[in-house]
1. Of 78, 91, 63, which residue is more than 14 Å from residue 131 (Cβ to Cβ) and either touching a Cys at 6+ places or on another chain (Cβ under 6 Å) or surrounded by 19 or more Cβ atoms within 10 Å (Cβ to Cβ) (or both)?
2. Suppose the filter is within 22 Å of residue 27 (Cα to Cα), in a helix (DSSP H, G or I), among the hydrophobic types (A, V, I, L, M, F, W, C) and without any contact (Cβ under 8 Å) to a residue 60 or more places away in the chain; does residue 78 pass it?
3. When you look at residue 96, is it touching a strand residue (DSSP E or B) at 6+ places or on another chain (Cβ under 7 Å), of a type outside the set (D, E, K, R), under 17 Å from residue 26 (Cα atoms) and surrounded by fewer than 18 Cβ atoms within 10 Å (Cβ to Cβ), yes or no?
4. Those residues that are in contact with a strand residue (DSSP E or B) (Cβ under 8 Å, 6 or more places away or on another chain) and at pLDDT below 85, I need them from the stretch 100-134; list them, please.
5. Tally up the residues in the stretch 100-132 that are of a type outside the set (Val, Ile, Thr), more than 18 Å from residue 43 (Cβ to Cβ) and part of a helix (DSSP H, G or I), please.
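The values are calculated or read from the model by the stated rules, or taken from the named source; none is laboratory data. From a predicted model like this one, the values you see are computed outputs, not experimental measurements. Heads up, the Cβs are rebuilt from the backbone with ideal geometry, glycines too, and the neighbour counts pull from every protein chain shown.
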Amino acid sequence: MKEKTKEIPSSEPERRIRLLLVDDEVEYLHVLSNRLDKRGMEVATANSGTLAIQTLRKQEFDVAVLDLKMEDMDGIEVLKVFKKMDPELMVVMLTGHGSEKAARDGIDFGAYDYLTKPCEIQELVAKIQEAYRKRKPT
């Protein structure tokens, strides 16, 4: 007689990482957003610091990837506002070559880490996933 196997209910599927991507280079933002979406992330974009702050007011995010140098607001200024609005938001700073010191300063203001642009997509995905795992549940 064949023994019935008891089905173990699968655990709830892992929720997609809610990512806010902020960069004033619109084409770069579009390409990066598509690449991250294809890797299973729920991506919202903002092409300015002001728009990023407005977006964070309307939605909750797990991780933000924030460009350091933008036209309307400096990334550090945006970071400070983000951390006041959501202290648990994990922020990864993106910086051009030569601005690593400014990105390290961002860590002093609450950024999780930083990457130098251009970075490999795998490196960025790994950093976002690492930041997501470190986030305290809300």
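1. Numbers: 91 fails: more than 14 Å from residue 131 (Cβ to Cβ); 63 fails: more than 14 Å from residue 131 (Cβ to Cβ).
Unique residue meeting the criteria: 78.
2. Working: within 22 Å of residue 27 (Cα to Cα): yes; in a helix (DSSP H, G or I): yes; among the hydrophobic types (A, V, I, L, M, F, W, C): yes; without any contact (Cβ under 8 Å) to a residue 60 or more places away in the chain: yes.
Yes, satisfied.
3. Details: touching a strand residue (DSSP E or B) at 6+ places or on another chain (Cβ under 7 Å): yes; of a type outside the set (D, E, K, R): yes; under 17 Å from residue 26 (Cα atoms): yes; surrounded by fewer than 18 Cβ atoms within 10 Å (Cβ to Cβ): yes.
When the stated conditions are applied, residue 96 passes them.
4. Once the filter is applied, which keeps residues that are in contact with a strand residue (DSSP E or B) (Cβ under 8 Å, 6 or more places away or on another chain) and at pLDDT below 85, the stretch 100-134 yields 100, 102, 103, 104.
5. Summing the residues that are of a type outside the set (Val, Ile, Thr), more than 18 Å from residue 43 (Cβ to Cβ) and part of a helix (DSSP H, G or I) in the stretch 100-132 gives 8.
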